[in-house]
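The values are calculated or read from the model by the stated rules, or taken from the named source; none is laboratory data. Since the structure is predicted, the reported quantities are computational estimates derived from the model, not experimental observations. Note that each Cβ is placed from the backbone with ideal geometry, even for glycine, and that neighbours are counted across all protein chains shown. Calculation scope for accessible area: heavy atoms of the full protein, side chains included, ligands and nucleic acids excluded. Shrake-Rupley method; radii C 1.70, N 1.55, O 1.52, S 1.80 Å.
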Amino acid sequence: MGPFSTPPRVRSQTSRSFRAAVIIAVAFGLGATVLKWHQTEVQKAQDVAEVDRRARDLANGLLTPVREALARHDSAAALALTPRLEGFGKVIGFAVYRSNGQLFASARAVKGLADTLPTALTEGLKGESEAVAAARWQGLPVRLFAIPVLGEGGGERGVLVVVHDVSYISDLATQRLTRSAFWILFLMLLLMMLVVATTWLVYDRQLHKLAEWMRRLRTENVPESPPPGLPVALLVSESNRLAASLRAARSVGLSESEAAVRAEQSWTRDRLRTRAVAVLKHGQLIVVSNREPYLHRRVNGRLQVTVPPGGLVSALDPVLQACGGLWVADGSGDADRETADQFGRLTVPPDDARYTLRRVWLTKQEEHGYYYGFANEGLWPLCHLAHERPVFRAEDWEQYVKVNQRFADTVVEEMGAGNGMVLVQDYQLALVPQMVKAARPDLRVGLFWHIPWPNPESFRICPYRAELLNGILGADLVGFHLQQYCNNFLDTIDRMLETRVDRDHFAIESRGHTAHVRAFPISVESWRDRAPTTEATEILLADIRDRYLAPGTQLGVGVDRIDYTKGIPERFRAIGRFFERYPQHRERFTFVQIGAPSRTDIGRYRDLVTEIERLAREINDELQTDTWKPIHLLVGQADGATVHAFLRLASTCIVSSLHDGMNLVAKEYVAAQEHDDGVLILSEFAGAARELSDALIINPYDIDRFADAIRAAVEMPPTERRERMQRMHREVEEHNVYRWAANLLTALAAIDPMPSTSTLMSSREITVPA
Ligand code: G6P
């Protein structure tokens, strides 16, 4: 096709209009021709009638002298009448026949017309007073008009025939027809042009615009409405519908292709493993935390393995399962020793070994001082703004330092002469980074702080703040969930230590070592990867429905360690207020709280269990009916499958933390929403609220509004529930725990662990009070 030739689509449209124009023009031409022919025939008949009329006048004028000439047998006298023909144009002449039909006389040019009266006339005159006939004479069409010539007594003497040349009548008709044919042709052409122009203006041009609009609709973003001026209203509405469905289809296609891109970019266990291998370069990955991922107990003499509750374990176990390596943790189960080897090692998960767990053995006294005392009565309330007063005891600090050193030594021992990365977890082990670095400055050490970092004013009440901060600064990389915690940390360091704080790069230089500070919001792994739906799952789901869900009832759920930071009493009060304010929802909404007892050696935690049990009881006593209970409080540790089943079934999940670093239950709930139809109620004071902005965000201290949020969740229309949950689901799927670990490992691998002039403080410099 040449550069200027018309594209086939356009050409075929044009020829179609041209064809339509030809058809219309030919139809018009045929009609007009038939009409004109009919008119001409009528005109011809009128002309012939006129000829006959004139012939009659002439014949009547000649009748008397002809009668006399016949009577006298004087044909000359008859011929003498010729001059009377003057003034009668087109008359060729006349002839007189005797009554026996023989020619008597013929005048003018009709001499020799016929010797006997033409039969047509003889026939025509039978019983008639005149007769006409057409004949040809000397090649010309002629018209014969005959009247009988009667004698005195009424007897017939002869017949007078007037002959007219009628050739002019057909000539005239031909002329008229020819002229009309020209006009008809001209009008046909005009009509064709009109039809082509009109169809172009009214249809083709608009259809071209429509076609162009549709083409762009298919390939790019175009204005919402079809081009104006479409010829047929139906076409407009159909186009609009078509456009809407195309857009919908494109958005589905787009989301499908986005999903494909996301799938390609998403982080999986395998992808993390590949990344870990690449960044570790044959080195070892050692994770160190207080809480172990698998804990062995003897229950009624039988060995039982449990996964302790808490975000740290649920986030890190899949990472270790992906990367392999070693996890150093406190062996706190009463059957932990018997299930580990002489060095405290065992492979886990117990039924599908993927990495090594190295247990560290602590005495009761160490556990009390380090874990219950300094970590959970001191640092925990210090970092969580939940109005719980921190308690700092010198003996606890002493144990804390000692146990941290034990963990650091274990790490160094496990690393041996090899190389690798150490990921220290959380506030229980704040001194480990610096302690490991003191022994092995070449190791890359990261510390991830799973709880909030408070502002400097709050932190400064800690009597061991400098030691703690220096311990943390031993890490090459310090990670928090939120940027806000990073900022608070830098402010704290700035106020409390003699260091160089580089706010542009979020780095702190102290004694020749640089610690980089970054936000890495932690997440969960997809339930698909860990809990495939089995028959056992179905049985579990059916059991939960049977126990807690009367038909037509919605299920709300909360899953927490029983900790004062989780806002469980506030949650129960809000549920009570909800039923009080909106009684129409009684017996239509049931709340199940799964509460895992935690740190029960601490009075405050034990009291909390009592408090929430009492609260639940009070609310139930007031509201429950024979068939319905507003709150089911299940105190105990639920296994992963049970938690998952509750999260799947619940139409609402409530996370009402007074302060929380991230809160993975919120993300677990979102990840469990297969049909995207659950509503998450989430405290604004949980780190997860930064990412899950489609949750119903509440202030757990504002009980009335909290109750209203429960109502909003219960009454939320399905479309809104789905739209909100879909967005959150996408967020959680995309930013899963594998991405978190990959980011952390990659960032740590990018740091040079060996500063040229290291003046790191040795572990001996940490002051241990007498
Ligand atoms: C929080 C802490 C973790 C801790 C978990 C469970 O998530 O950040 O470090 O492991 O709670 O608490 P527990 O005291 O039972 O280990």
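All Cα-Cα distances of the stretch 73-130, cut into 10 Å bins from zero to the largest, leave 22, 48, 29, 1 percent in each bin in turn. Report, in listed order, any pair from K281/K402; K566/K629; K90/K126; K402/K566; K437/K566 with a Cα-Cα distance greater than 25 Å. With Cα atoms farther than 25 Å apart: K281/K402; K90/K126; K402/K566; K437/K566.
Look at the dipole of the stretch 474-622 built from charges on Cβ: of T499, Q593, S510, the Cα furthest out on the positive end belongs to Q593.
Over the stretch 460-515, what is the mean sequence separation of C-alpha contacts under 8 Å (at least six apart), divided by residue count, expressed as relative contact order in percent? Reported relative contact order: 34 percent. Treating each Cα of the stretch 570-655 as one equal point scatterer and applying the Debye formula with no solvent, the log10 of I(q)/I(0) at q = 0.18, 0.24 Å⁻¹ comes out as -0.86, -1.28.
Along its first, second and third principal axes, ordered by size, the chain spans 183, 72, 47 Å in Cα coordinates. Basic side chains Lys and Arg get +1 at the Cβ, acidic Asp and Glu get -1 at the Cβ, and with that the dipole of the stretch 25-65 about its Cα centre reaches some 40 debye.
Each peptide among 287-295, 81-89 gets the average number of other Cβ atoms lying within 10 Å of its residues, and from highest to lowest they stand as 287-295, 81-89.
Solvent exposure of the chain amounts to 47 Å² per residue of accessible area, where only protein heavy atoms count and the probe is 1.4 Å. Just the protein heavy atoms count here, and of the accessible area of the chain at 1.4 Å, carbon and sulfur take up 53 percent.
What the phi angles of the stretch 505-513 give under the Karplus curve with 6.51, -1.76 and 1.60, with θ = phi - 60°, is a coupling list of 9, 6, 9, 10, 9, 9, 6, x, 10 Hz, glycine and proline written as x. Database remark: amide H of H481 closer than 5 angstrom to the amide H of F520 (H placed geometrically; neighbours at sequence offset of 5 or more, or on other chains; Pro and chain starts carry no H). Considering helices alone, the calculated mean residue ellipticity of the chain at 222 nm is -15500 deg cm²/dmol, with DSSP H runs of length four and up weighted by -39500 (n - 2.57) and normalised per residue.
Taking amide H as placed 1.01 Å from N in the peptide plane, the amide H of F589 sits under 5 Å from that of Q554, each at least 5 places away or on another chain. Under 5 Å between amide hydrogens, built in the peptide plane, is the criterion, and for S598 it picks out I562 among residues at least 5 positions away or on other chains.
The stretch 465-508 and the stretch 334-358 have Cα centres spaced 35 Å apart.
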